1. Checking Lys46 against (1) over 20 Å from Gln72 (Cα atoms); (2) touching an Asp or Glu at 6+ places or on another chain (Cβ under 7 Å), which single condition isn't satisfied?
2. Which of the following residues is among the small types (Gly, Ala, Ser), free of Cβ contacts under 8 Å to residues at least 40 places away in the same chain and more than 21 Å from Ala170 (Cα to Cα): Ser63, Ser53?
3. Any idea which of (1) crowded, with 18+ Cβ neighbours inside 10 Å; (2) free of Cβ contacts under 8 Å to residues at least 12 places away in the same chain is the one Phe111 doesn't satisfy?
4. Asn150 fails exactly one of the following numbered conditions: (1) in contact with a His (Cβ under 8 Å, 6 or more places away or on another chain); (2) open to solvent by 40 Å² or more (accessible area, probe 1.4 Å); (3) of a type in the set (S, T, N, Q). What is the number of that condition?
5. Checking His171 against (1) open to solvent by 20 Å² or more (accessible area, probe 1.4 Å); (2) under 28 Å from Ser63 (Cα atoms), which single condition isn't satisfied?
6. Under the condition of being more than 26 Å from Asp52 (Cα to Cα) and open to solvent by 20 Å² or more (accessible area, probe 1.4 Å), which residue from the range 121-132 is modelled with the highest pLDDT?
7. Within the range 73-82, does at least one residue satisfy the condition of being open to solvent by 90 Å² or more (accessible area, probe 1.4 Å) and not in a helix (DSSP H, G or I)?
8. Only one of these is of a type in the set (D, E, K, R), over 30 Å from Asp55 (Cα atoms), open to solvent by 10 Å² or more (accessible area, probe 1.4 Å) and out of contact with any His (no Cβ under 6 Å at 6 or more places or on another chain): Lys98, Lys135, Lys118. Name it.
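The values are calculated or read from the model by the stated rules, or taken from the named source; none is laboratory data. The shown structure was predicted, so the numbers you read here are calculated from the model rather than taken from an experiment. Reconstructed Cβ throughout: ideal geometry from the backbone, glycine too, with neighbour counts over all protein chains shown. Quick note on the areas: whole protein, heavy atoms, side chains included, nothing else; ligands and nucleic acids left out. Shrake-Rupley method; radii C 1.70, N 1.55, O 1.52, S 1.80 Å.
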Amino acid sequence: HGLGYKVAANLTAEAMRRAAKQDYTVSKRQVFFTDTQKKIIEIKNKFALVRDSDDKVLSMVGSVYRPVQTAQVFAFFHDFVKEAKMQMETAGSLWGGKYVWALARVIGNDFAIGTGKKDEMRNYLLLLAPFEHGKALIMQYTSVRVVCWNTLCMALGYNLKGKGHSFRMAHTKD
């Protein structure tokens, strides 16, 4: 679908982020509306998550939401993957940047099944960093190679809350 990008294992975190076209920041901006008398009214405790490069609104959030920047996501995942001796595979975003992911292959755990052993099984570590109200940053092992929305849902479940054991961090933490 052209939504994910193969990411070379030898790239820096910043080069990986650029290769995956995720080199932008997201800010939390106050929300306003115009009433019937054309007076501007501030909506208290409601904010828009906005991609700063093009002012695209990604989601509406509350006052305690803290966006985790793509630079932080890729730096953390790059260091984690390197230390664990894994290999980066793909990275990208879905729904106009609402869901940013990175996927690394767990080295040494591949095997094949079936007649002629042609059905290869691989294990991956997936990191999903959503810019959406109610969705946590999540990291989980999966056997699904994520490249699009369908495979992301297969890896984490349609509600994107993870299956089994996963690390989750709410967007109310640093």
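1. For Lys46, the failing item is (2).
2. One residue alone meets the criteria, Ser53.
3. Of the numbered conditions (1) crowded, with 18+ Cβ neighbours inside 10 Å; (2) free of Cβ contacts under 8 Å to residues at least 12 places away in the same chain, the odd one out for Phe111 is (1).
4. Going through the list (1) in contact with a His (Cβ under 8 Å, 6 or more places away or on another chain); (2) open to solvent by 40 Å² or more (accessible area, probe 1.4 Å); (3) of a type in the set (S, T, N, Q), Asn150 breaks only (1).
5. Evaluating His171 over (1) open to solvent by 20 Å² or more (accessible area, probe 1.4 Å); (2) under 28 Å from Ser63 (Cα atoms) leaves (1) as the failure.
6. Checked the range 121-132; the qualifying residue modelled with the highest pLDDT is Asn123.
7. No, the range 73-82 contains no residue that is open to solvent by 90 Å² or more (accessible area, probe 1.4 Å) and not in a helix (DSSP H, G or I).
8. The conditions single out Lys118.
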